[in-house]
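Before any comments, here is the structure.
The values are calculated or read from the model by the stated rules, or taken from the named source; none is laboratory data. Keep in mind the model is a prediction, meaning the values are calculated, not measured. Here the Cβ positions follow ideal geometry from the backbone for every residue, glycine too, while neighbour counts run over all protein chains shown. To get the accessible areas, we keep the full protein, side chains included, count just its heavy atoms, and leave off ligands, DNA and RNA. Shrake-Rupley method; radii C 1.70, N 1.55, O 1.52, S 1.80 Å.
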Amino acid sequence: MAIIESNQLLTFKLGSETYGIQINKVREILTYPIVTPIPDASRWVKGVINLRGEVAPIIDLRVRFSINSEPIYNERTIVIAVKTEDARMIGLVVDEVSDMENVDIDKLYPAPDMGTSIAPKYLKGLFKKEDKMVVILDIDKVLDKEEMQKLSQVSLETSSHVLAASA
Amino acid sequence: MLLPRDEDGDYGPLEHGSFKNDDDDFGFFDESEFVENLSDEDGFGFFDELELIEEISDDECFGFFDEEDLVQKKDDDDEHFGFFNEEIEEKKEVLKSSVAEKESIPKDKDTKPKERTKVKTDMASSSIRVDLSKIDALMNNIGELVIAHSMLTQYTYMMQDQKIKSDLSERLDLIDRYIRELQEGVMSVRMIPMETVFSKFPKVIRDTAKKLNKKIDFRHYGDSVEIDKAMIEGLTDPLTHIVRNAMDHGIESTERRRAAGKNETGTLLMSAEQANGQMIIKIQDDGSGINLAKVTAKAIQNGIIEESTAAQMSNEDKAMLIFAPGLSTAEAVTDISGRGVGMDVVMSNIKKLGGAVKVETEEGFGSTFTIVLPLTLAILDGLNIRVGKEHYILPLSAIVESLNPEEGMIKQVGDKESEILMLREEFIPVVRLHTVFHIEPEYQKLSDGILVVVHSGTKKVALFVDEFMNQQQFVIKPLDKNFRNAHGIGGATVRGDGTIGLIIDTMNIMEKN
């Protein structure tokens, strides 16, 4: 099935780096709401919120990709609500939303094997904007259902192991 | 049939021709009308009529078949006849209507189903099929409306002007009522009668009974009790399984039943009722019951329980062993049941629906399976509780009682990590919610907080919480639609302030501990 990929990007910042996601994945941009924590979730899953009548998890990409492990949440914290290919609504916490960009999605630079804080398998590619590199996230890979389930459980185990070891 | 009953010998041989010859005298026996009215085959029309007349005269004999006699007889029966001429007219009427009645009687069997189909088509024209997701979407919208309403209500609390404040509150109450009515309306759309579930069983039972060569009388009650459509899908399989089991293992063969002095035909009852905001479905058979000794022996053999535990178990607990995975006491594996997979699946399916199964059995007299389900998967009455800084929701239907325990009531077992609440004659395991949910509680000592005794499947568990809050209705939303399920959490809901509340899954809260 040929899907015409959107060539409009929403760019946002995680730490000092600029990232982009395809605009057709974005449903809403909201300020950080009151989040209900999930008891057995890992640190990057902040909890769940009510997003248009659905219970949607909030994921902090900064913690997820170890860009900032102790972020501050206030009324200026931004959440981008995205909808994945398999129709899951998920909120992503980012540092700031920057701009909209038009890019030709077929003419991206391939993601480098190293040098980015996010593993290449989560990236769609790079593009250049006024001498700055913008990394385009493959949101469906980042939020892959199975991987998320596995990761949130694994990280819980490791954190309890760490606790046990330190105790 | 040529002639009406001849037993009395009083009927002369009556030929078609001779009868017709007397036609003129009959007057009201207008052949054409009769033949039309009475029969499709005109020639034999009057035989029907004869039979009819016979009936009218209450089977009394009359020597000659002529109208005078007939009328005489009729006269005897009801004495309103004054004049013959009038009689004729009346008689005609009586006969006609009787004929109509008469005709309608043998046809009854045919007409009834026709009527039914007619009713069905009528209903079909005034009802539509709607995708469940559309109703869910409506429900979501109402949920949003509820939240918007409570936001507005909260806003009025901050208003300074008392007049406007009270006026506004009044109108808000009105909206609240309408929202509730709307919510109930949408809920009722989701509900369909239990008949839909029951109607599948007669065939299953007939087929299985045939295969097993048993005689089974199936009866069901509570057809009009309504159940959430979403629930039915998850309910059909477990019910079928229980029914098949009851037929295969429960109800004995005709010979054995006769030997036991029972009616050859076994009875299988299925009933549905609503009580205390719960749906109760019972499947009852009058078979041999569960052989508890055998089940227990098998459970010990399969390592499901220890011999020492078995000795302490009540009969009720022993019967519940049939729900353990991998347990079957059937000597032979048949295609109906006996593979040892199934009853545990029944249990897990029912649990998935937020319900519980119980079995009562008496050897020689049969077993009763009781399935308790929440009325709907969409709305729940819950109690807000607080643990540390977090709030959770406990389903009201699960709560048995709550208490502020004294230290003497708590016994520590083994590694001092497991605590048991001694409540009257019962020993109830204590679950500290703050440990399950990894949060910092306000109170560490059990005697400082509150223990809420809840049903967990067929057992009881005492949950340790810091505080009780208010009671409220919640619209249940799945947690795993966008994320995944969390341990001890059965679902989520949107609270009045727009945040998400988590609903505690009392069924599975023990598992990790």
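Any chance the range B:461-470 includes a residue that's among the charged types (D, E, K, R) and surrounded by 21 or more Cβ atoms within 10 Å (Cβ to Cβ)? Looking through the range B:461-470, none of the residues is among the charged types (D, E, K, R) and surrounded by 21 or more Cβ atoms within 10 Å (Cβ to Cβ).
Checking the range A:24-40 against the condition returns no match, with no residue being basic (Lys, Arg) and under 23 Å from A:SER66 (Cα atoms). So in the range A:36-46, with the set limited to residues that are open to solvent by less than 30 Å² (accessible area, probe 1.4 Å) and at the interface with chain B (Cβ under 8 Å from one of its Cβ atoms), which one is farthest from B:GLY488 (Cα to Cα)? Filtering first and then ranking leaves A:VAL45.
Listed by first and then second residue, the pairs with beta-carbon distance under 8 Å, at least 6 apart or on different chains, first residue in the range B:130-153 and more than 30 Å from B:SER169 (Cβ to Cβ), second part of a helix (DSSP H, G or I), are B:VAL130/B:VAL189; B:LEU132/B:ARG190; B:LEU132/B:LYS229; B:LEU132/B:ALA230; B:ILE135/B:VAL186; B:ILE135/B:VAL189; B:ILE135/B:ARG190. Residues that are under 14 Å from B:VAL453 (Cα atoms) and open to solvent by 40 Å² or more (accessible area, probe 1.4 Å) within the range B:408-419 comprise just one, B:MET409. Quick one: how many residues across the range B:159-210 are among the hydrophobic types (A, V, I, L, M, F, W, C) and closer than 28 Å to B:MET270 by Cβ? Residues in the range B:159-210 being among the hydrophobic types (A, V, I, L, M, F, W, C) and closer than 28 Å to B:MET270 by Cβ: 11 in total. Determine whether the range A:113-129 contains at least one residue that is touching a Phe, Trp or Tyr at 6+ places or on another chain (Cβ under 6 Å), within 28 Å of A:ASN74 (Cβ to Cβ), of a type in the set (A, V, I, L, M, F, W, C) and not in a strand (DSSP E or B). Yes, the range A:113-129 contains at least one residue that is touching a Phe, Trp or Tyr at 6+ places or on another chain (Cβ under 6 Å), within 28 Å of A:ASN74 (Cβ to Cβ), of a type in the set (A, V, I, L, M, F, W, C) and not in a strand (DSSP E or B).
Here's the yes/no breakdown for (1) in contact with a His (Cβ under 7 Å, 6 or more places away or on another chain); (2) open to solvent by 50 Å² or more (accessible area, probe 1.4 Å); (3) within 21 Å of B:GLU316 (Cβ to Cβ); (4) touching a residue at least 12 places away in the same chain (Cβ under 8 Å):
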| site | (1), (2), (3), (4) |
| --- | --- |
| B:PHE365 | no, yes, yes, yes |
| B:THR370 | no, no, yes, yes |
| B:VAL387 | yes, no, no, yes |
| B:GLU390 | no, no, no, yes |
| B:SER402 | no, yes, no, yes |
| B:GLU406 | no, yes, no, yes |
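So which of B:LYS318, B:LYS351 is modelled with pLDDT under 80, open to solvent by 10 Å² or more (accessible area, probe 1.4 Å) and part of a helix (DSSP H, G or I)? One residue alone meets the criteria, B:LYS351. Sub-8 Å Cβ pairs linking a first residue in the range A:13-31 that is part of a strand (DSSP E or B) to a second residue that is among the acidic types (Asp, Glu), at least 6 apart or interchain, are A:LYS13/A:ASP95; A:LYS13/A:GLU96; A:LEU14/A:ASP95; A:GLY20/A:GLU101; A:GLN22/A:GLU5; A:THR31/A:GLU75, ordered by first then second residue. When A:MET100 is tested against (1) surrounded by 13 or more Cβ atoms within 10 Å (Cβ to Cβ); (2) not in a loop (DSSP other than H, G, I, E, B), just one condition goes unmet, and that condition is (1).
Among the residues making up the range B:178-222, none is within 25 Å of B:GLN473 (Cα to Cα), loosely packed, with under 12 Cβ neighbours inside 10 Å and in contact with a helix residue (DSSP H, G or I) (Cβ under 9 Å, 6 or more places away or on another chain). Residues in the range A:68-97 that are farther than 15 Å from A:ASP140 by Cβ, of a type in the set (Asp, Glu) and loosely packed, with under 12 Cβ neighbours inside 10 Å: A:GLU70, A:GLU75. Just wondering, is there one or more residues in the range A:3-17 that are among the aromatic types (Phe, Trp, Tyr) and either within 13 Å of chain B (Cβ to nearest Cβ) or out of contact with any Ser or Thr (no Cβ under 8 Å at 6 or more places or on another chain) (or both)? No, because not a single residue in the range A:3-17 is among the aromatic types (Phe, Trp, Tyr) and either within 13 Å of chain B (Cβ to nearest Cβ) or out of contact with any Ser or Thr (no Cβ under 8 Å at 6 or more places or on another chain) (or both). Against the numbered list (1) within 14 Å of chain B (Cβ to nearest Cβ); (2) closer than 30 Å to B:HIS434 by Cβ; (3) open to solvent by less than 30 Å² (accessible area, probe 1.4 Å), A:PRO33 comes up short only at (3). If the condition is being of a type outside the set (A, V, I, L, M, F, W, C), away from chain B (no Cβ under 13 Å) and surrounded by 20 or more Cβ atoms within 10 Å (Cβ to Cβ), then the range A:47-67 contributes A:ASP60, A:ARG62, A:ARG64. Within the range B:475-506, the set of residues being of a type in the set (A, V, I, L, M, F, W, C) and either assigned by TED's automatic domain parsing to the domain that holds B:LEU353 or within 26 Å of B:SER150 (Cα to Cα) (or both) comprises B:VAL475, B:ILE476, B:LEU479, B:ILE489, B:ALA492, B:VAL494, B:ILE500, B:LEU502, B:ILE503, B:ILE504. How about the range B:408-513: which strands (runs of 3 or more DSSP E) wholly inside it have at least 3 residues that are more than 9 Å from chain A (Cβ to nearest Cβ)? Passing ranges, in order: B:410-413, B:418-423, B:426-432, B:450-456, B:459-465, B:467-477.
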